[in-house]
Amino acid sequence: MYNIELAELVWGKRPNSALSDSVFRRWTQGFVLSQSESTALEQFEGGPCAVIAPVQAYLLKNFLFKSNKPNWRDCTAALAAEELGSERFHALIQKHTYANLTELKEAILDQYATWKNRFGVLLFLYSVILTKGIANIRNEIEDTAEPLIDPVYGHGSQSLINLLLTGYAVLNVWDGDRECSGMKLHGIRNQSTVGFLTLMESLRYCKVGAFLKSPKFPVWILGSETHLTVFFAKEMSLVAPESPWEQARRVFQTYDPEDNGFIPDTMLEDVMKALDLVSEPEYFLCFSVNIMKSKLDPEGLGIILLGTFLQEFFPEQESTIPDSFTVYHYNGLKQSNHSEKVMYVEGTAVVMGFEDPMVRTDDTPIKRCLQTKWPYIELMWNTDRSPSLN
């Protein structure tokens, strides 16, 4: 079977109808488990992390929270297999349709060796696309001329990442749909099972919504400029619903983008409205806000401190997140791991308030990425160097 529409959706339209050999070669690998970490998938070259990282995230979710195995880091290893060129590969693949989930599971287990061979990642990707439907995916992608895999650099698009994380191939990472210049731009529809955070948000290129930032399980894909890795923990309280105190701190901090720990008093009304803390009629609102400004800023400095604000409106509440918890990081590229062994890097995270006195840890890309979720997170890794996002 050679489905031109499928190939163009994935790889883009090529002038000579042939795929880039270098890009295609980087994607030709199976789901191969590390010899150093038996539940960690290895990535051989740049590119297929757009599939491997989401699969790794869901594997970890199942190992940590769905499996009865006492040792979540123990699994049977897999091996890579034969090599084919792109034309031969596309000529040989076949499409099979199954009537129900039971039949599908049986087929997947029956073809287990196929997922391990050199084309396992691509076969999995093609299976996802054909299951979802090419037309359905095209309807969700905003720019249908943009392929799921960059034809020059071989990186997976955000639409591909979102498809594997949420089941929808939308381009954006915000919550819900937005209107922009008369166009409807699609975002994430509901809370994801595993999450997504990106270094691009710390650089102010995008804003990840709560549906991806606060998933059902404490497993997050971390995105850098060129690569995807996985950050995870076993502490379910990290994804518990926000308490009113946590919601108030999050909303307050959206008006404090520099993380100064305070906002100008002119923004107090906006924060109170966002948190539904005002119930007076409009003609009383200004008077009520001015009284609160005087109470929260008795010295007339023109600023409202976060700690003072929380103490005033939420005096008996605090964060449900533990003071410290064990975290892990996964990077599938050998060259990005210590001694070129793909292994989980373990560490300890502490989520503090801005007012907590403590020596800050080093400023690293992984910390900046996680700060888009926990602004005052500190990380202490059990290794000599911080894990790499690239």
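Below is a table of values for the structure above.
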{"quantity": "For peptides 39-48, 209-218, sequence by mean Cβ density within 10 Å, most packed first", "calculated": "39-48, 209-218"}
{"quantity": "Choice from Phe287, Phe24, Phe309 showing the highest fluctuation, given a GNM over the chain with Cα pairs closer than 10 Å", "calculated": "Phe287"}
{"quantity": "Among beta bridges that DSSP assigns inside the chain, antiparallel share in %, nearest 5", "calculated": "85 percent"}
{"quantity": "Gain upon complete extension [Glu8, Asp362; 0.36 nm per residue less C-alpha separation]", "calculated": "123.0 nm"}
{"quantity": "CD proxy at 222 nm, helix term only [per DSSP H run n ≥ 4: -39500 (n - 2.57); per residue of the chain; nearest 500]", "calculated": "-10000 deg cm²/dmol"}
{"quantity": "Too-long pairs where the Cα-Cα distance tops 25 Å, listed order kept, from Lys295/Lys367; Lys95/Lys116; Lys66/Lys213", "calculated": "Lys295/Lys367"}
{"quantity": "Residue-by-residue Karplus 3J(HN,Hα) for the range 200-205, coefficients 6.51, -1.76, 1.60, Hz, glycine and proline x", "calculated": "4, 5, 5, 8, 6, 8"}
{"quantity": "Eligible aspartates and glutamates near Lys341 by straight Cα distance, threshold 18 Å, same-chain separation 8 or greater", "calculated": "Glu37, Glu42, Glu45, Asp74, Asp384"}
{"quantity": "Ranked by how many other beta carbons lie within 10 Å on average, peptides 166-177, 189-200, 102-113, 144-155 from highest", "calculated": "189-200, 166-177, 144-155, 102-113"}
{"quantity": "Peptide ranges 58-65, 236-243 listed from the most packed, as the mean C-beta count within 10 angstrom indicates", "calculated": "58-65, 236-243"}
{"quantity": "Positive-pole candidate from Leu6, Thr254, Tyr168, dipole of the chain, charges at beta carbon", "calculated": "Leu6"}
{"quantity": "Value of relative contact order over the chain, rounded to a whole percent, pairs C-alpha under 8 Å and six or more apart", "calculated": "16 percent"}
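Quick note: the coordinates plus some simple rules give every number you see, no bench work behind them. Quick caveat, the model's predicted, so the values are computed rather than measured. Reconstructed Cβ throughout: ideal geometry from the backbone, glycine too, with neighbour counts over all protein chains shown.
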